[in-house]
Amino acid sequence: MSSEVIPYPIPPGLTASNDFSMKVNDKDIWIEKLGGSNIPLEEQYAHLGIMEDLNIARFSCSGVVKIKITASRDISSFLIRPKNRGIKASLNGKELSFEISGPQKLYIEIDSLPHLAIFADQPEVNPPEEEDPGVIFFGPGIHDVGQIDLQSGQTIYISAGAVVNANIRGNDLQNVRITGRGILQGNVRISHTSNLHVDGIFNRNTRGWTNTLTDCRNSSYRNVKVFSYGGVWGLDGINPVSCRNFTIDDCFMRCRDDCVAIKSINPDLKVDSIFVTNSVMVGWAYSDGVTLGFELNGSPVENVLVKNCDILYARGGGMSGGHSGFSIVCDGPAWVQNIRYEDIRVEEQTEFKNLELIVTPGKYYGDDPPGHIRGVYLKNVSWENSGKPFIINGFSPDNMVEDITFENCSVGGKVLTGASDADFKLNEFTKGIIFN
């Protein structure tokens with residue numbers, strides 16, 4: 001298969017990296033430098049009010065391509081995440097070279113330099129034209145919009161090389177799209193909508209949940225990149241709230257709060273059929289990779305699948321004592337059931353917990369009775385950090401965590417055959433824990 005590389009236009013006003021330069025198939029790829037803090041990188045996640053350092057390279061490609069990264073100084077160590085990609089690189093002084101087999105998302109750590117995210121997109125197919133009816137079109141350049149009020153049947157198109165400074169709002173809509181290869185600097189809040197589809201954009205946000213999708217049906221986020229920064233809590237990546245048939249696929253998130261947070265705030269609305277697949281999550285600070293909770297008031301919350309995802313970091317304290325690779329925190333009266341985690345890889349950067357499945361008193365985010373968790377199936381899940389606990393706690397005999405199955409799961413490379421193989425913390429309101 002022949003290969004193709006499509007560099008993106010350089011948006012005006014953004015800062016070029018002084019840490020790295022890059023070529024892909026001998027074509028120059030511009031790298032943006034975000035941040036610029038004087039705080040050491042390993043300490044930045046604990047600070048408030050700064051844009052944490054991050055280098056970002058973006059382009060489209062197809063087929064096998066050759067990447068050469070040149071650092072600002074000789075490289076002594078590097079790590080290409082997700083580790084399961086098995087990418088072999090050659091090192092020569094300042095140059096790091098490797099191949100990738102088509103579009104994907106990588107997160108590269110080189111010595112103590114700010115990390116480098118590489119977003120290699122699929123080439124666009126039949127993107128909207130500026131004159132197309134129902135299209136809000138943003139070409140290359142800076143667009144200070146403030147707020148976009150989306151209407152049914154509309155498409156927002158943000159082209160490569162465009163930076164749109166705006167929040168997007170919508171309510172009671174049908175058949176809407178947000179797409180392109182450009183940058184949206186702001187947050188998205190859309191509710192009571194069917195057939196919402198967001199694709200390809202790079203979404204950066206400093207205030208509140210980055211993408212709040214409430215009561216959205218038959219909707220999707222695909223190939224969306226999210227970077228939230230500058231605060232502590234409340235900077236989630238993508239939050240399906242009381243949604244049905246909602247897919248998050250092939251996305252990348254580096255967030256200061258949970259990367260994906262599935263919630264059920266309205267007691268009259270259930271959560272059903274949420275799919276989080278083929279995604280990469282960097283829980284930079286106060287963040288899980290994927291969490292169900294805290295707010296789980298509508299019932300049931302059921303039929304959730306998290307599959308083929310890489311959780312690179314999970315860090316920071318929280319109301320339940322610290323974040324984990326992924327979790328269910330049932331803080332409300334919901335029945336949480338039929339939840340499946342499959343082919344998940346949690347890398348070593350977990351600060352507090354590997355896994356958390358708990359029923360709370362229901363008082364963290366309201367004054368509610370406690371709920372229930374039953375029927376959680378974990379298959380082919382690996383946790384690299386063997387030193388972190390697994391918390392599985394119910395609340396009372398009427399509010400259990402029950403029927404939890406681990407199949408072919410491992411911790412620190414060791415297959416789980418029972419609770420004694422890792423640091424499992426189970427209370428008396430937990431039953432039916434099975435290891436296959």
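The values are calculated or read from the model by the stated rules, or taken from the named source; none is laboratory data. What you see is a predicted model; the values in this text were computed from it and never measured. Quick reminder, even Gly has a Cβ in these numbers, built from the backbone with ideal geometry, and neighbours come from all protein chains shown. Side chains are part of the model used for accessible areas, which takes the heavy atoms of the whole protein and leaves out ligands, DNA and RNA. Shrake-Rupley method; radii C 1.70, N 1.55, O 1.52, S 1.80 Å.
General remarks:
- Criterion: among the β-branched types (Val, Ile, Thr), open to solvent by less than 40 Å² (accessible area, probe 1.4 Å) and touching a Gly at 6+ places or on another chain (Cβ under 6 Å) - qualifying residue of VAL401, VAL376, VAL381, VAL411: VAL401
- Filter result for ARG73 (open to solvent by 10 Å² or more (accessible area, probe 1.4 Å) and assigned to a strand (DSSP E or B)): no
- Restricting segment 17-37 to residues that are among the β-branched types (Val, Ile, Thr) and in contact with a Lys or Arg (Cβ under 8 Å, 6 or more places away or on another chain), the residue that is nearest to ARG254 (Cα to Cα): ILE29
- Subset of segment 285-299 [open to solvent by 30 Å² or more (accessible area, probe 1.4 Å) and farther than 17 Å from GLY234 by Cα]: SER299
- Complete set of residues in segment 251-265 that are assigned to a strand (DSSP E or B) and either more than 20 Å from ARG81 (Cβ to Cβ) or out of contact with any strand residue (DSSP E or B) (no Cβ under 6 Å at 6 or more places or on another chain) (or both): ALA261, ILE262, LYS263, SER264
- Residue in segment 41-58 that is open to solvent by less than 20 Å² (accessible area, probe 1.4 Å), out of contact with any strand residue (DSSP E or B) (no Cβ under 9 Å at 6 or more places or on another chain) and not in a strand (DSSP E or B) present: yes
- Strands (runs of 3 or more DSSP E) lying entirely in segment 266-345 (those with 3 or more residues that are more than 29 Å from LEU41 (Cβ to Cβ) and either at pLDDT 95 or above or of a type outside the set (D, E, K, R) (or both)): 271-277, 290-296, 301-314, 324-331
- Hits in segment 80-93 (condition: in contact (Cβ under 8 Å) with a residue 24 or more places away in the chain and exposed (fewer than 15 other Cβ atoms within 10 Å of the Cβ)): LYS83, ASN84
- Looking only at segment 1-40, and only at residues there that are of a type in the set (Asp, Glu) and open to solvent by 50 Å² or more (accessible area, probe 1.4 Å), the one that is nearest to LYS68 (Cα to Cα): ASP26
- The C-beta contact set for segment 156-173 (first residue under 20 Å from PRO128 (Cα atoms) and assigned to a loop (DSSP other than H, G, I, E, B), second residue aromatic (Phe, Trp, Tyr) and open to solvent by 10 Å² or more (accessible area, probe 1.4 Å), distance under 7 angstrom, 6+ apart or interchain) comprises SER159/PHE138; ALA160/TYR8; GLY161/TYR8.
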